[in-house]
Amino acid sequence: MRLRLFEKACCNIIGMIHVPALPGTPNATCGMQEILERVEHEAEILKRHNMHGVIIENMHDTPYCLERDLGPETTACMSILASKVRHILPSSVPVGVQILAAANKSALAVALAANLQFVRVEGFVYSHVADEGWIDACAGPLLRYRKQLSASHIHVFADIKKKHSAHAVTADVSIAETAAAAQFFNVDGVIVTGTSTGVAASPEELKTVTQAVKNKIPVLIGSGVTPQNMHQFKDATGLIIGSYLKYDGDWQNQLDEDRIREIMDEANK
């Protein structure tokens with residue numbers, strides 16, 4: 001049995017840092033020093049509002065590449081940025097990383113280099129079609145890689161029936177069966193999302209998945225949480241929130257401290 005990663009048993013608020021487009025990506029406009037300063041600024045804001053966890057993600061690196069097409073510069077840049085975020089936040093606050101798209105081994109390498117506590121991964125069990133193409137299941141190779149790195153202390157949280165994806169090929173496999181398969185394959189937690197960024201997950205799917213894993217691993221919500229709907233998801237271990245924390249609820253904008261206060265006030269009721 002894994003030790004509990006987050007401060008509370010449920011309703012831990014996990015804030016997102018969407019890293020500006022990294023060098024070498026089509027939308028890159030900043031050098032690493034400017035990117036580092038912007039990430040530091042957001043980490044300080046999230047620290048000030050007592051987030052229960054933080055994830056950094058290369059969300060601005062559109063169009064995304066699968067891991068086989070990513071250059072080493074992405075892993076190198078994310079390692080530097082993740083290390084800075086880890087240094088800023090208290091050691092009691094877990095920090096994680098996700099590298100798009102489905103660059104799960106790269107994320108593990110970054111987590112190890114930066115002393116992070118978890119990774120968010122795609123395609124852990126069952127294959128699917130995403131914007132970037134076909135995503136193969138990766139549980140076996142990924143956890144073997146984690147073992148080779150002596151990084152078993154890094155938790156792996158996996159999206160199931162992931163957003164921005166087509167699941168027609170597994171239409172006969174329910175989200176409960178997907179969660180149970182991920183648990184059988186030694187995932188450390190599963191993430192339930194809506195259909196796309198900022199779209200709320202289904203409260204019924206949260207209940208179904210929680211029952212499927214028999215409360216033995218964390219179940220997190222990965223999109224669409226607001227102060228207005230949070231009551232529907234408070235039984236989840238964690239609520240990963242990106243869009244709502246930004247001005248106008250748009251993930252591409254800067255952090256809005258008034259919105260962050262609303263979220264944290266609701267979570268602490």
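Just the residues that are under 18 Å from Ala102 (Cα atoms) and either assigned to a strand (DSSP E or B) or of a type outside the set (A, V, I, L, M, F, W, C) (or both), please, taken from region 132-149.
Glu132, Gly133, Trp134, Ile135, Asp136, Gly140, Pro141, Arg144, Tyr145, Arg146
Applying the selection to region 104-136, what residues are open to solvent by less than 30 Å² (accessible area, probe 1.4 Å) and either on the phi > 0 side of the Ramachandran plot or touching a residue at least 60 places away in the same chain (Cβ under 8 Å) (or both)?
The answer is Phe118, Arg120, Gly123, Phe124, Val125, Gly133, Ile135.
Report yes if some residue within region 150-169 is open to solvent by 30 Å² or more (accessible area, probe 1.4 Å), part of a loop (DSSP other than H, G, I, E, B), modelled with pLDDT of 95 or more and among the hydroxyl-bearing types (Ser, Thr, Tyr); otherwise report no.
The answer is yes, given that some residue of region 150-169 is open to solvent by 30 Å² or more (accessible area, probe 1.4 Å), part of a loop (DSSP other than H, G, I, E, B), modelled with pLDDT of 95 or more and among the hydroxyl-bearing types (Ser, Thr, Tyr).
Of (1) assigned to a loop (DSSP other than H, G, I, E, B); (2) closer than 17 Å to Asp256 by Cα, Leu22 satisfies all except one. Which?
The failed condition is (2).
Would you pick out the residues in region 174-198 that are in a loop (DSSP other than H, G, I, E, B) and among the aromatic types (Phe, Trp, Tyr)?
Phe185, the sole residue that qualifies.
Return the only residue of Ala9, Ala28, Ala43, Ala21 being crowded, with 17+ Cβ neighbours inside 10 Å and more than 16 Å from Gln117 (Cβ to Cβ).
Ala21
Residues being touching a strand residue (DSSP E or B) at 6+ places or on another chain (Cβ under 7 Å) and of a type in the set (Phe, Trp, Tyr): count how many of those fall in region 56-112.
0
If you scan region 75-103, which residues turn out to be open to solvent by 10 Å² or more (accessible area, probe 1.4 Å) and over 16 Å from Glu40 (Cβ atoms)?
Thr75, Ala76, Ser91, Ser92, Leu100, Ala102
Residue check: is Val213 closer than 24 Å to Ala130 by Cα, open to solvent by less than 70 Å² (accessible area, probe 1.4 Å) and either touching a residue at least 60 places away in the same chain (Cβ under 8 Å) or not basic (Lys, Arg) (or both)?
Numbers: closer than 24 Å to Ala130 by Cα: no; open to solvent by less than 70 Å² (accessible area, probe 1.4 Å): yes; either touching a residue at least 60 places away in the same chain (Cβ under 8 Å) or not basic (Lys, Arg) (or both): yes.
Considered against the rule, which asks whether it is closer than 24 Å to Ala130 by Cα, open to solvent by less than 70 Å² (accessible area, probe 1.4 Å) and either touching a residue at least 60 places away in the same chain (Cβ under 8 Å) or not basic (Lys, Arg) (or both), Val213 comes out as no.
With the checklist (1) in contact (Cβ under 8 Å) with a residue 60 or more places away in the chain; (2) open to solvent by 60 Å² or more (accessible area, probe 1.4 Å); (3) under 21 Å from Val119 (Cα atoms) in hand, flag the one item Ile241 doesn't pass.
Only one criterion is unmet by Ile241, namely (2).
Which residue pairs have Cβ atoms under 9 Å apart, sit 6 or more places apart or on different chains, and have a first residue in region 55-83 that is within 19 Å of Arg38 (Cβ to Cβ) and a second that is surrounded by fewer than 21 Cβ atoms within 10 Å (Cβ to Cβ) and aromatic (Phe, Trp, Tyr)?
From residues that are within 19 Å of Arg38 (Cβ to Cβ), the pairs are Asn58/Tyr64; Met59/Trp251.
Considering region 210-225 alone, what residues qualify as being under 25 Å from Thr197 (Cβ atoms) and part of a loop (DSSP other than H, G, I, E, B)?
Val213, Ile217, Pro218, Gly222, Ser223, Gly224, Val225, listed by residue number.
List, please: which pairs have Cβ atoms under 8 Å, are six or more places apart or on different chains, and start with a residue in region 216-228 that is open to solvent by 10 Å² or more (accessible area, probe 1.4 Å) and end with one that is of a type in the set (S, T, N, Q) and outside any loop (DSSP other than H, G, I, E, B)?
Lys216/Gln183; Ile217/Gln183; Gly224/Ser243
From the residues in region 254-269 that are open to solvent by 50 Å² or more (accessible area, probe 1.4 Å) and not in a helix (DSSP H, G or I), which one is farthest from Ala21 (Cα to Cα)?
Lys269
Looking only at region 63-74, which residues are open to solvent by less than 80 Å² (accessible area, probe 1.4 Å) and farther than 10 Å from Leu22 by Cα?
Across region 63-74, the qualifying residues are Tyr64, Cys65, Leu66, Glu67, Leu70, Gly71.
The values are calculated or read from the model by the stated rules, or taken from the named source; none is laboratory data. Note that the structure is predicted; figures quoted are calculated from it, not measured. Counting neighbours? That spans all protein chains shown, and the Cβs are built from the backbone with ideal geometry, glycine included. Surface areas here come from the heavy atoms of the whole protein model, side chains and all, with no ligands, DNA or RNA. Shrake-Rupley method; radii C 1.70, N 1.55, O 1.52, S 1.80 Å.
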